Amino acid sequence: MESYQGKGVFGGIAIGRIHVYGKGKLQIKKSSVKGVEAELMRYRNATLKAVGQLQKLYEKACREMGETDASIFEMHQMLLQDGGYCRAIETMISSQEVTAEYAVQEISDQYIQMFSAMNDDYMKERAADLRDIRERLCDILLGKEYAHPESEEPVILVAEDLSPSETMQMDKDKILSFVTVRGSLVSHTAILARTMSIPALVGTRFPLDETIDGKTGIVDGTNGIFYIDPDEKTCKKMRELLKRETAQKELLLALKGKKNITLDGQKIALCANIGNITDLTSVYQNDADGIGLFRSEFIYLGKEDYPTEEEQFQIYKTAVEAMEGKRVVIRTLDIGADKQCGYFQMEQEENPAMGCRAIRICLTRPEVFRTQLRALFRASAYGRLAIMYPMITSVKEIRRIREIAAQAKEELMERGERFGEPEQGITIETPAAALISDLLAREVDFFSIGTNDLTQYTLAIDRQNTALDEFYDPYHPAVMRMISMVTENAHRAGIRVSICGELGADLSLTKEFLALGIDELSVSPGKILPIRRVVLETNVAEYRSGKE
């Protein structure tokens, strides 16, 4: 028996035969062409065909997994037609008089190298998107067809990596699990595996060769372990876990529609974190009480220029109308640090996590801020919308926000626009905000604790730096004390407090958050029902007395 450690994408156990999925690497030699115009037309026709294929994949993904994850293929269509990318390929064809497939390969590789060199995992995954696009375009230009992995029975599919297109075109009934050598937790293949609810591992350093094809394998998605040729003792243990897991899934489905009330009558709201309106399907599927964090920065990150007021208004309006009276908390623009937006033309900083980001950008660029606020105020007339301001460190900032918000309202009144009066709150994600939360609570309608940044700033550890993982402790007593302090100060001022960071989804802390009196947990949609189960099984009074 051999075992290998990977990164678990989706928990659970899969037991079955291993199937090695291999694909030939592109090796296109440089070849010259005589008719440049004809070659340009050939490239443009291939792009149109690729867009058509991706549209069909998008429609298939919508039917099978919902719009949230189908948006991967919309993104690929946009990348295929990106002005800079297309111009670079066409310029190479024209200036060097080379074949379209060679230009696609070379220009794509330049972009892939650029994205792969970045420190941020999210940006590294754009390299995977470009590999997918490169292969699709080159296959069309070379007249190749997609080859499905052949298998008569459901298998554990192992590969160097899998593109979203390959994953989507596979027969899902024939796949028990994915295991890849490369890839990260934020890769699209990881996202698709989570949506399919199958155990999956990425970043698993096992020897990928034909010798393991056909052998028995076990994937432990919860602990991130891949077993090859497991012994009988391991097989027996894993079969028991699989049996237990199946029973638990059936139980979770029975929790839909139930109220989040503990055994002794304490209520808590369980809401969803989303990045765009394409995520609304997951919010419905997982029975969320509302949207606790709408990350509006993704509207900006997905564009080549500032989104207009009207564009933003339509997106926010769609979200609040779709939630039919449930609360939608929209966080204002939160770029900077690991989320860069080229057209903002930000100065390069030595320490961007401590630099001009989030509310600091908004307060130093009030015209951009007012545009977003006008869109938010207008959308609030159509449903229960709340505005949340990130990275607050002082009362002075809140008062400046009020001044800019008042200006935005005046502009709407002058135009005769209809708008509402949404709740306005802040994220508590710096030690400064936590320590003066008693003062801040008098100024706003609610708090939301962003535990990711709060932990980072409290421990003085860059959470993007994987080399410091052994020092990064989200359960550090200092972090937990700050959460407790913020909660007490919020309730003393009569306002609600939620947690919207990763800790909110940690089932080992759910009882602790109930004991602290947290009013709301806002988590990724798939975490809502497992947390509900813990809530329904908890007696908070007994838990508190057990700690004393």
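Dipole size of the stretch 221-313 about its Cα centre, with +1 on Lys/Arg Cβ and -1 on Asp/Glu Cβ: approximately 880 debye, rounded to the nearest 20. Once both labels are positioned 7 Å from their Cα atoms along Cα-to-Cβ, the gap between residue 45 and residue 109 label points is 2.7 nm. For the chain, the percent of C-alpha pairs falling in each 20 Å distance bin, counted from 0 to the bin holding the largest distance, reads 19, 51, 28, 3, 0. Excluding ligands, DNA and RNA, the accessible surface per residue across the chain is 47 Å² with a 1.4 Å probe. Note on surface exposure: 174, 396 rank 396, 174 by accessible area, highest first, 1.4 Å probe.
Mean separation of Cα pairs under 8 Å and 6+ residues apart, divided by the residue count of the chain: what relative contact order is that in percent? Write out the running numbers ahead of the final one.
Working: 972 pairs, mean separation 80.1, N = 548.
With pairs under 8 Å counted, the relative contact order is 15 percent.
Under 1.5 on a/c is rounded, so check that first for the stretch 440-548, then, if it is not, pick prolate when a/b is larger than b/c and oblate when it is not; a ≥ b ≥ c are the square roots of the alpha carbon gyration tensor eigenvalues. Note, shape of the stretch 440-548 comes out oblate. In the chain, taking the dipole from charged Cβ atoms about the Cα centre, the farthest positive-side position among 83, 169, 180 is held by 169.
Under 1.5 on a/c is rounded, so check that first for the stretch 179-336, then, if it is not, pick prolate when a/b is larger than b/c and oblate when it is not; a ≥ b ≥ c are the square roots of the alpha carbon gyration tensor eigenvalues. Don't skip to the end; give the middle numbers.
Numbers: a/c = 3.49, a/b = 1.54, b/c = 2.27.
In terms of gyration-tensor shape, oblate.
By the gyration tensor of its Cα atoms, with a ≥ b ≥ c the square roots of the eigenvalues, what is the shape of the stretch 486-536: rounded for a/c under 1.5, prolate for a/b over b/c, or oblate? Before the final figure, lay out each step's value.
Working: a/c = 2.34, a/b = 1.84, b/c = 1.27.
Cα axes put the stretch 486-536 in the prolate bin.
Cross-link partners for residue 511 among the aspartates and glutamates, with Cα-Cα distance under 16 Å and sequence neighbours closer than 8 places in the same chain left out: 264, 502, 519, 520, 537, 542, 548. Placing pseudo-labels 7 Å out from each Cα toward the beta carbon at residue 215 and residue 460 gives an inter-label distance of 4.7 nm.
Computed over protein heavy atoms with a 1.4 Å probe, the carbon and sulfur contribution to the accessible area of the chain reaches 49%.
The simple Förster model, with R0 at 25 Å and r as the Cβ-Cβ distance, assigns residue 252 and residue 542 a FRET efficiency of 0.60.
The values are calculated or read from the model by the stated rules, or taken from the named source; none is laboratory data. It should be emphasised that the depicted structure is a prediction, and the values quoted were computed from it without experimental measurement. Cβ: placed from backbone, ideal geometry, glycine included. Neighbour counts: every protein chain shown. Calculation scope for accessible area: heavy atoms of the full protein, side chains included, ligands and nucleic acids excluded. Shrake-Rupley method; radii C 1.70, N 1.55, O 1.52, S 1.80 Å.
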